[in-house]
Amino acid sequence: MPAVLISLSVLMQAGCFGYLSGRLTPSGSLLLSCTGFLLSALLFTALYLVRRGRPRSAVPGPAPAPAVRRRVRRLMWLMNLVTALTFVSFYVSLAWVPATLASGVETALGPLALAVISVVLRGGECPAPRAWGTAAALAVVGGALAWSLTGGAGMGWSALAGLGLVMVAGAGASGLALISKALGELGVDPVTVTAHRFHLTYLGAGALFVLQGGSPHESGVPPMVIPLLGVAAITVPLFVLQVGLQRAHPMAAMTILTTLPGMTYLSEALWGGGVNIVSLALTGLLVVLAVVSAAPRRNGDRAEDQPPELSSTSVGNEARS
């Protein structure tokens, strides 16, 4: 079920991105992001406050222990910070590298970044060779797809700096998968997480939009459509993704997300874009590799395949939804 939710989120985002490709201006992208994240925060904060206002007897289960509440608050602040850092790094990189290359490299590096993070958090203990092999193969195929979609754009010093920021965004996305899983283990429901995680992000997007001197009328699409696109491209799919991330193995989640650029490319083709045989073949290869890699083995995940722990199961059992 978590894999289905993550895949559904990928398809929803890809469908919207394919439609918006070639239509949105850079300032329009910022405006869409600010609007979508703000609507997410408003909608799910309202739901959170309604649920919080219910009588205690209406909420089953014991209240979380003080240690659990402190742990949840720290993870929520960390998620807010990492979400904003991931977004800002990715957007700033677009000033130096094409969007297709940036998004392709970011998602392709996700599983590899997760494997590296596991080494750091485990004090040098390495994941299984299978995890490294999967991450490396996805990085190579995903990077090749991103390169093919840009027509082999030149790489100067500014482009290299942009790719550095993309790598930061890829590492941030992996961190978000780990934090989401930890919050899920602590019993925090996705509505609560979504109500708290985007505040720094929409503020950052809004600040960049103002500093850039953008105008809603220069976004590339009618201003009145921006809220609808924000809901379709950000609010709904990111909530579905949050539900999946809190239940899925982080490596499986990042593996599925590597298919987003390829699905976006197919969506662009369906919306009237051209078709490149090499890119189409790499998309197919990436999807097959992701499906095979994300599928659980019969014997289950071995201990060394598990992600680094951000919370303990014993603590998580004390929390309630």
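Stretching Ala67 away from Ala159 to a fully extended chain increases their span by 28.6 nm, per 0.36 nm per residue minus the current alpha-carbon distance. Full extension of the chain between His199 and Val291 yields a length gain of 29.8 nm, computed as 0.36 nm times the residue separation minus the alpha carbon distance.
From most to least packed by mean Cβ count within 10 Å, the peptides 177-188, 7-18 give 177-188, 7-18.
Of the Cα atoms belonging to segment 212-253, the radius of gyration and Dmax stand at 15.3, 42 Å. Peptides 24-30, 248-254, 273-279 ordered by packing proxy, namely the average of other Cβ atoms within 10 Å per residue, highest first: 248-254, 24-30, 273-279.
Any read-out appearing in this document is the output of simple, stated calculations on the displayed coordinates, not a laboratory observation. Quick caveat, the model's predicted, so the values are computed rather than measured. Cβ: placed from backbone, ideal geometry, glycine included. Neighbour counts: every protein chain shown.
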